[in-house]
Amino acid sequence: MTPQHSLTQLYQQHHGWLRGWLYRHLGHAGDAADFAQDTYLRVIESRQALEQIREPRAFLTTVARHVMLSHLRRREVERAYVDALARLPEALAPSPEERAIVLETLCEIDRILDGLPARVRQAFLWAQLDGMPYAEIAERLGVSLSSVKQYMARAIRHCYFPEAAA
């Protein structure tokens, strides 16, 4: 069976069910249809060997949950960005194109950092965004300076090679 045939079969056999499941969780038919399509896009992007899936509905449910969580996180990042922009003087406000680029970049950074343990992510953000010295990070986290250095090395590796660093 070809991968294309497997995907077509998965879609034909489970798309209606998936939309129904999403509708029960979201309460809106349009959102359910959008998330169902995004779920199948994520399946295509994953290059998962579809013919090896034993429980297609469990698999699709897991992917759909990840899609919904990504959407919620994106909304949180977008809200924080819009709040930060609201505090800027109007003369410094970026153009709509610049806003879109920055928002896309912020969402990608959030997605990458989400794969890190909380302490590693926090240390990285304090160092990179706040310019906090490693010694202060160590004190705040209640860990040694060498631990902070290890956290930073792990975070940087993860940013450059997210699939290999995990």
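The values are calculated or read from the model by the stated rules, or taken from the named source; none is laboratory data. Every value quoted in this text rests on a predicted model; they were computed, and no experiment measured them. Heads up, the Cβs are rebuilt from the backbone with ideal geometry, glycines too, and the neighbour counts pull from every protein chain shown.
Points worth noting:
- Any chance Arg74 is basic (Lys, Arg), without any contact (Cβ under 8 Å) to a residue 40 or more places away in the chain, surrounded by 14 or more Cβ atoms within 10 Å (Cβ to Cβ) and over 30 Å from Ile109 (Cβ atoms): no
- Residue in segment 110-120 that is among the small types (Gly, Ala, Ser), under 19 Å from Arg42 (Cα atoms) and surrounded by 14 or more Cβ atoms within 10 Å (Cβ to Cβ) present: yes
- Residue match in segment 112-119 (condition: touching a His at 6+ places or on another chain (Cβ under 7 Å) and over 30 Å from Arg19 (Cα atoms)): yes
- Taking the criterion of being acidic (Asp, Glu) and either in contact (Cβ under 8 Å) with a residue 24 or more places away in the chain or touching a helix residue (DSSP H, G or I) at 6+ places or on another chain (Cβ under 7 Å) (or both), the residues of segment 91-144 that qualify are Asp110, Asp114.
- Listed by position, the helices (runs of 4 or more DSSP H) inside segment 120-166 whose residues that are at pLDDT below 90 number at least 1 are 145-160, 162-165.
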